[in-house]
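Colleague: Please find one structure pasted underneath; my questions will follow.
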Amino acid sequence: MTDISAPQLARRNGKTSLPWISTPLLAAILVFSWHMYVTQSHVSAFIMPAPYAVWKAWLDLLASPRAWGHAETTIYETLVGFLWGLFIGVGLGVLIGRIRWLEMTLNPFIVAIQVVPKVAFVPLFVVWFGFGITSKVIVSAVLAFFPILTNTVLGVKSVESGHRDVMTSLNASRFAVFWRLELPSSLPYILTGMEVGIVLAIIGAIVGEYLGGNSGLGYLLISKMNAFETDGLFAVMIHMTILGFAFYFAVGLLRRLTIPWHQSSGLDLGG
Amino acid sequence: MRAAPELETAGSAAIVLAGVDKWFKTQDEPVHALAPINLSVASGELVVLLGPSGCGKTTILRIVGGLIQPSKGEVRVLGRELWVNGGRKSEAASGLGIVFQDANLFPWLSVEQNIMLPLELKGTPRAERHDRARELIKLVGIAGFEKRWPRELSGGMRQRAAIARALSYDPEVLLMDEPFGALDAMTRDQMNLELQRIWMETGKTILLVTHSINEAVFLADRVVLLSPRPGRIDTVAEVGFERPRSLDVQSAPEFQRIVTTLRHRLVEIS
């Protein structure tokens, strides 16, 4: 049972409150050291801008409608790419996990493509699909697709045989077995794939923007670099980091909402 | 006590196995798991399959449950053939409820939803499902836990929920594969009493597999002892104690006599 005694509870609370103190403290020390380094070493602002300059550049970015437009582009590419990767990854994953000959046929190709650094395809996608949004969406989708696919296959194959026996004994149809057993049973795995996939989708969109086009945070970052605005470059990186966090937490939230029964959701249900 | 019986052809038999034989394919040679088995369980009877590991008792149960196909022979459940032309007949199988050693509740469904799942698959209306679940939760004694996740329940309570799920669509026959094998001794005694009560209240036919001699003799109308390699029926012991039996029946001399005889036979054959 999940009963916990009072001292255990106190200890647990003590542990969980630690990061709330240590994380900001460590971050403050880091920023302070950065500040000290810049002021003491007289390093060029093109190489290493002061924290204050970065902060100002970031506020400028927040105030600029054009920068918001770039952020929107990246968010759009990431989301659409991720969703494509999700649909194709889960769909194909379920088929491969269930159909033995399909798995044996496709596996060598999947392994081969897994091993190739997929960013190498980016120039090719630009050639095929142009400098617009499409090529970035595709890069995003391709990067997000693989972890989702492999985790889905693993999930479908990890369905407990005892659970299958239950469905067999109940004369469940193939669809019922999929909908009531295989899908919910695989969800924790799929969500793990999604957590990896969403981060890769952002990387895909940004790398795609580096290479071509005139929109998106990746494009903005490159143009800051070309203009020697290093503080602005840092500011764009902050934007990208926040974006990454937001997407990652969204998937985490989805995990809590869709699989509250699973240990990984970390809800303390009490006893 | 009598030697391996020939097939009884009683009209009221809930389960009939006639010449059921099972070979398992392996990497090397095929393994003979079951020698031809003839067994018949009367309607409303509680029969326990007892035997050492590898004697094929679980195999028999899974064949009756329609989970594995016999290599030869005939299985009839409530007078209907279970395996026809290599396919499992769902009409015959729908008279069966199975309780496994692991409760096998779906962790993503609440206890109540687990119990209602079979009815949902059969398309029973919502209100009826809820009524039935409430009834069963009371019957198996887990009232107050219906909204919990299975992982929040103790092993004994999970097994009670699994029994409720197997009873939900009111099958005539309950098949139980070492249902209390994973429980501690005290919970196990408790569950044996509860099972006896549930059996008496519902009047189901029960075929139960165990490796505990005490449990077998306490629960059974008839204990069927199996010998291994290949699995075959060795002895059948009739247990005639009055119902409901209390745990004290275990200290009766007659109880001890049956247990001792079975234990000696078990040592000889394994």
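Colleague: Just a yes or no: is a residue in region A:45-64 under 30 Å from A:VAL142 (Cβ atoms), out of contact with any strand residue (DSSP E or B) (no Cβ under 6 Å at 6 or more places or on another chain) and not acidic (Asp, Glu)?
Modeller: Yes, there is a match, as at least one residue in region A:45-64 is under 30 Å from A:VAL142 (Cβ atoms), out of contact with any strand residue (DSSP E or B) (no Cβ under 6 Å at 6 or more places or on another chain) and not acidic (Asp, Glu).
Colleague: For region A:33-92, which residues satisfy the criterion of being surrounded by fewer than 16 Cβ atoms within 10 Å (Cβ to Cβ) and either touching a residue at least 60 places away in the same chain (Cβ under 8 Å) or among the charged types (D, E, K, R) (or both)?
Modeller: Those that are surrounded by fewer than 16 Cβ atoms within 10 Å (Cβ to Cβ) and either touching a residue at least 60 places away in the same chain (Cβ under 8 Å) or among the charged types (D, E, K, R) (or both): A:ALA45, A:PHE46, A:ILE47, A:LYS56, A:ASP60, A:ARG66, A:GLY69, A:GLU72.
Colleague: On to the next question. Are there any pairs with C-beta distances below 7 angstrom linking a residue in region A:1-30 that is more than 14 Å from chain B (Cβ to nearest Cβ) to a residue that is modelled with pLDDT under 90, with the two at least 6 apart or on different chains, and if so which?
Modeller: Listed by first residue and then by second, the contacts come to nothing, as the list is empty.
Colleague: Mind checking whether some residue in region A:251-265 is in contact (Cβ under 8 Å) with a residue 60 or more places away in the chain, outside any helix (DSSP H, G or I) and closer than 30 Å to B:VAL99 by Cα?
Modeller: yes
Colleague: Evaluate the following for B:VAL223: is it closer than 24 Å to B:GLU201 by Cα, surrounded by fewer than 19 Cβ atoms within 10 Å (Cβ to Cβ) and either out of contact with any Lys or Arg (no Cβ under 7 Å at 6 or more places or on another chain) or among the hydroxyl-bearing types (Ser, Thr, Tyr) (or both)?
Modeller: So B:VAL223 fails the test.
Colleague: Hey, can you tell me all the residues within region B:53-83 that are out of contact with any Pro (no Cβ under 6 Å at 6 or more places or on another chain) and under 25 Å from B:LEU262 (Cα atoms)?
Modeller: B:SER53, B:GLY56, B:LYS57, B:THR58, B:THR59, B:ILE60, B:LEU61, B:ARG62, B:VAL64
Colleague: Another question, if that's okay. Can you list the helices (runs of 4 or more DSSP H) lying wholly within region A:59-153 that have 3 or more residues being in contact with a His (Cβ under 9 Å, 6 or more places away or on another chain)?
Modeller: A:65-98
Colleague: Those residues that are within 28 Å of A:GLU182 (Cα to Cα) and in contact with a helix residue (DSSP H, G or I) (Cβ under 7 Å, 6 or more places away or on another chain), I need them from region A:111-145; list them, please.
Modeller: Across region A:111-145, the qualifying residues are A:GLN114, A:SER140, A:ALA141, A:VAL142, A:LEU143, A:ALA144, A:PHE145.
Colleague: Same structure again: When you scan region B:25-120 for strands (runs of 3 or more DSSP E) that lie fully inside it, which ones turn up with 2 or more residues that are aliphatic (A, V, I, L, M), crowded, with 24+ Cβ neighbours inside 10 Å and away from chain A (no Cβ under 14 Å)?
Modeller: Result: B:31-42, B:46-50.
Colleague: Output the number of residues of region B:59-107 satisfying the condition of being acidic (Asp, Glu) and free of Cβ contacts under 8 Å to residues at least 12 places away in the same chain.
Modeller: 2
Colleague: From (1) touching a Lys or Arg at 6+ places or on another chain (Cβ under 9 Å); (2) surrounded by 16 or more Cβ atoms within 10 Å (Cβ to Cβ), pick out the condition that doesn't hold for A:GLN263.
Modeller: Going through the list (1) touching a Lys or Arg at 6+ places or on another chain (Cβ under 9 Å); (2) surrounded by 16 or more Cβ atoms within 10 Å (Cβ to Cβ), A:GLN263 breaks only (2).
Colleague: Filter region B:151-180 for residues that are within 11 Å of chain A (Cβ to nearest Cβ), buried (at least 22 other Cβ atoms within 10 Å of the Cβ) and assigned to a helix (DSSP H, G or I) and give the result.
Modeller: B:ALA162, B:ARG165, B:ALA166
Colleague: Only one residue in A:ALA144, A:ALA172, A:ALA201 is closer than 30 Å to B:VAL77 by Cβ, assigned by TED's automatic domain parsing to the domain that holds A:VAL90 and not aromatic (Phe, Trp, Tyr). Which one?
Modeller: That would be A:ALA172, the only listed residue that is closer than 30 Å to B:VAL77 by Cβ, assigned by TED's automatic domain parsing to the domain that holds A:VAL90 and not aromatic (Phe, Trp, Tyr).
Colleague: Among the numbered criteria (1) surrounded by 13 or more Cβ atoms within 10 Å (Cβ to Cβ); (2) within 14 Å of chain B (Cβ to nearest Cβ); (3) under 18 Å from A:TYR189 (Cα atoms); (4) of a type outside the set (D, E, K, R), which one does A:SER161 miss?
Modeller: Checking A:SER161 against (1) surrounded by 13 or more Cβ atoms within 10 Å (Cβ to Cβ); (2) within 14 Å of chain B (Cβ to nearest Cβ); (3) under 18 Å from A:TYR189 (Cα atoms); (4) of a type outside the set (D, E, K, R), the one that fails is (1).
Colleague: If only one of A:LEU233, A:LEU191, A:LEU217, A:LEU243 is surrounded by fewer than 19 Cβ atoms within 10 Å (Cβ to Cβ), in contact (Cβ under 8 Å) with a residue 12 or more places away in the chain, within 23 Å of the chain's Cα centre (by Cα) and in the same structural domain as A:PRO117 (by TED's automatic domain parsing), which one is it?
Modeller: A:LEU243
The values are calculated or read from the model by the stated rules, or taken from the named source; none is laboratory data. Here the structure is a predicted model, which is why all the values come from computation and not from measurement. Note that we place each Cβ from the backbone using ideal geometry, even for glycine, and neighbour counts take in every protein chain shown.
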